[in-house]
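The values are calculated or read from the model by the stated rules, or taken from the named source; none is laboratory data. Everything numeric in this text was worked out from a predicted model, so none of it was measured. Note that each Cβ is placed from the backbone with ideal geometry, even for glycine, and that neighbours are counted across all protein chains shown. SASA here: full protein model, heavy atoms, side chains in, ligands and nucleic acids out. Shrake-Rupley method; radii C 1.70, N 1.55, O 1.52, S 1.80 Å.
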Amino acid sequence: MCGIAGLITPSLSPEVRREAVGRMCDAMIHRGPDDGGISTAGDATLGMRRLAIFDPVNGRQPMQSPDGRLTLVFNGAIYNFRDLRRQLAGTWEFRTECDTEVLLAAFARWGEACVPKLRGMFAFAIWDEYEQSLFAARDRFGEKPFYYFKDQQRFFFASEMKALWAAGIQKSISERMLLNYIALGYVQNPSDPSQTFFNNIFSL
């Protein structure tokens, strides 16, 4: 199942970010009892809890590219990763047997264009240290969730809302969404599918 989390901000020290992401990961330990990790690069701190399926020994996360430019956290499974690995064999020296490294190699080669090539259920985030940017994506049907909170200085993301609350994000019910649900049975806002039942917490 796995759980991913992250905090991107220039306004907090790496130590404070790491402590916050640690709380987020602790709140999702049930999603990944086998392993956990936290990595900081630039303004980003990424973390994950892992349920080890492919290559339990070598597939640890967060996973970095050999040059240190890209850092990946990934929840899910890429079903066609072996086919993608064969396509990438000439451009990447693989060190593991897991789909996580294939995803990292695919992004390194194709960038955002790698997403349509993926077959599976997934949510992932990749920090680009050179560009100082974060790219996040999820599968087409939303089988693997990706929740986020942002303000002028901070961007938090996690596989579960309670991980955001563990980091100190306010838990406040959206009265609009509650009314939509009670009156119309809506679990999504038709005009904004990213809105959740909690104010300022959104779904990718």
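Could you let me know the centre-to-centre spacing of region 145-204 and region 2-35, using Cα atoms, in angstrom?
19
Kirkwood hydrodynamic radius, region 133-204, all distinct C-alpha pairs: what's the number in Å? Intermediate results must be reported in sequence, preceding the final value.
Working: mean 1/r = 0.0764 Å⁻¹.
About 13.1 Å, per the Kirkwood formula over Cα pairs.
Once you wrap a convex hull around the alpha carbon atoms of region 1-133, what is its projected area averaged over all directions, in nm²? Don't skip to the answer; put the middle values down first.
On the way: hull surface 30.0 nm².
Reported value for the Cα convex hull: 7.5 nm².
Looking at the chain as a GNM with Cα springs under 10 Å, which of Arg176, Arg69, Arg138 has the largest mean-square fluctuation?
Among Arg176, Arg69, Arg138, the largest GNM mean-square fluctuation belongs to Arg176.
How much length is gained on full extension from Ser11 to Ala89, taking 0.36 nm per residue of separation minus their Cα-Cα distance? Please report the intermediate quantities before stating the final value.
Details: separation 78, 0.36 × 78 = 28.08 nm, distance 3.98 nm.
The Ser11-Ala89 span can extend by a further 24.1 nm.
Suppose R0 equals 22 Å; then what is the FRET efficiency for Lys117 and Leu204 from their Cβ-Cβ distance, rounded to the nearest 0.05? Please list the in-between numbers first.
On the way: r = 19 Å, r/R0 = 0.85.
With R0 = 22 Å, the Cβ-Cβ based efficiency is 0.70.
Rank these residues by their accessible area, most exposed first, probe 1.4 Å: Glu101, Glu15.
Values: Glu101 0, Glu15 130 Å².
Ranked list, largest accessible area first: Glu15, Glu101.
Consider just the alpha-carbon atoms of region 52-110 and return their Rg together with their Dmax, both in angstrom.
10.4, 27
Calculate what fraction, in whole %, of the accessible area of region 1-103 sits on carbon and sulfur atoms when a 1.4 Å probe is rolled over the protein chains. Provide the component values of the computation, followed by the final result.
Numbers: 2340 of 4530 Å².
Of all accessible area on region 1-103, carbon and sulfur atoms account for 52 percent.
What is the count of Lys pairs in the chain whose alpha carbons sit under 16 Å apart, if the two are 8 or more places apart or on different chains?
On the way: Lys144/Lys162; Lys150/Lys162; Lys150/Lys171; Lys162/Lys171.
So the count works out to 4.
Order Tyr181, Tyr79, Tyr186 by their accessible area, 1.4 angstrom probe, all chains in place, largest first.
Details: Tyr181 115, Tyr79 140, Tyr186 90 Å².
From most exposed to least exposed: Tyr79, Tyr181, Tyr186.
Quick check for me: using +1 on Lys/Arg Cβ and -1 on Asp/Glu Cβ, what's the dipole size of region 35-175 about its Cα centre, in debye to the nearest 20?
300
Between Gln153 and Ser133, what's the calculated FRET efficiency when r is the beta-carbon distance and R0 is 22 Å? Round to 0.05. Walk me through the intermediate numbers first.
Values: r = 16 Å, r/R0 = 0.73.
The formula returns an efficiency of 0.85 here.
Of Cys114, Cys98, Cys25, which has the largest mean-square fluctuation in a 10 Å C-alpha GNM of the chain?
Cys114
What does region 54-204 give for Rg and for Dmax, in Å, if only its C-alpha atoms count?
Reported Rg and Dmax, both Å: 17.6, 57.
What FRET efficiency comes out for Leu51 versus Ser172 if R0 is 45 angstrom and r is the Cβ-Cβ distance? Round to the nearest 0.05.
0.90
At q = 0.16, 0.22, 0.24, 0.25 Å⁻¹, what is the log10 ratio I(q)/I(0) for region 8-65, with the Debye formula run over Cα points and no solvent?
So the normalised log intensities work out to -0.50, -0.84, -0.93, -0.98.
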